[in-house]
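**Q** Next up is a structure, given as structure tokens.
The values are calculated or read from the model by the stated rules, or taken from the named source; none is laboratory data. Remember, it's a predicted structure, so these values are computed and weren't measured experimentally. Please note: Cβ atoms are built from the backbone with ideal geometry, for glycine as well, and neighbour counts cover all protein chains shown.
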């Protein structure tokens, strides 16, 4: 949004807006609760090129203007686990619904389109295909050129969408990728942050071990060409191709 940096602080339930040099411009509180400006299940943020800010609360979205002023809250009649803005003024959300996983909303909350077929789980999980994690991953990523990257929760395949259509599928190998597994009374799924920079796509899997070395797989022209050590969790690349990482070692910070 206008070259600014937006950071969602889950612990202190606020969104910090910084300029490109890291100077704090404003902070927006998101209190715990069910009111129009409150959230019970913070699920990420999305920012349009003009600076409109969307805050995900899983079944509702809070909208702020470029100046940080509250505009509206709209409800969603299914669960959305992650949101993003792929270089447009609309919002894209992910969550299995009516056989599709990606859903486009305008700033008033009108559903404009749905696309991307739900992923097919193993036979024993087929009844849960329309649930988050099973039919679609919890996370997805958007690039500023309009591309959307979605990891198949059942195998190491990344679906790349452009203009609301499947453009290609990237296939990789990594020992850290595990398909959905039953763990105790629940299930766990491998999550990944996927960022495009120039002609490269970086896939970084979340590792539950905070002390583990952080790496990202690198793809060029759809082919896996190696891996690279990274300083933290990659979230987005700017128009110059610079990748922004969230670090928590020592103290929380953003590395560009």
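**Q** Please give the number of the condition residue 89 fails out of (1) out of contact with any strand residue (DSSP E or B) (no Cβ under 8 Å at 6 or more places or on another chain); (2) closer than 30 Å to residue 127 by Cα; (3) in contact (Cβ under 8 Å) with a residue 40 or more places away in the chain.
**A** (2)
**Q** Here are some conditions: (1) farther than 25 Å from residue 162 by Cα; (2) surrounded by fewer than 21 Cβ atoms within 10 Å (Cβ to Cβ); (3) within 17 Å of the chain's Cα centre (by Cα). Residue 62 meets all but one. Which one does it not meet?
**A** It is condition (2) that residue 62 fails.
**Q** Do we find a residue being under 21 Å from residue 82 (Cβ atoms) and touching a residue at least 40 places away in the same chain (Cβ under 8 Å) anywhere in the stretch 209-216?
**A** no
**Q** Checking the structure you have, find out if any residue of the stretch 75-91 is farther than 25 Å from residue 239 by Cβ and part of a strand (DSSP E or B).
**A** Initially, the stretch 75-91 is screened for residues farther than 25 Å from residue 239 by Cβ, giving 75-81.
Subsequent filtering for residues that are part of a strand (DSSP E or B) retains 75.
Checked against the condition, which is being farther than 25 Å from residue 239 by Cβ and part of a strand (DSSP E or B), the stretch 75-91 yields at least one hit.
Each row is one residue, and each column tells you yes or no for (1) outside any loop (DSSP other than H, G, I, E, B); (2) more than 19 Å from the chain's Cα centre (by Cα); (3) crowded, with 18+ Cβ neighbours inside 10 Å; (4) at pLDDT below 95.
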| site | (1), (2), (3), (4) |
| --- | --- |
| 170 | yes, no, yes, no |
| 182 | yes, yes, no, yes |
| 195 | yes, no, yes, no |
| 209 | no, yes, no, yes |
| 218 | yes, no, no, no |
| 227 | yes, yes, no, no |
| 251 | no, yes, no, yes |
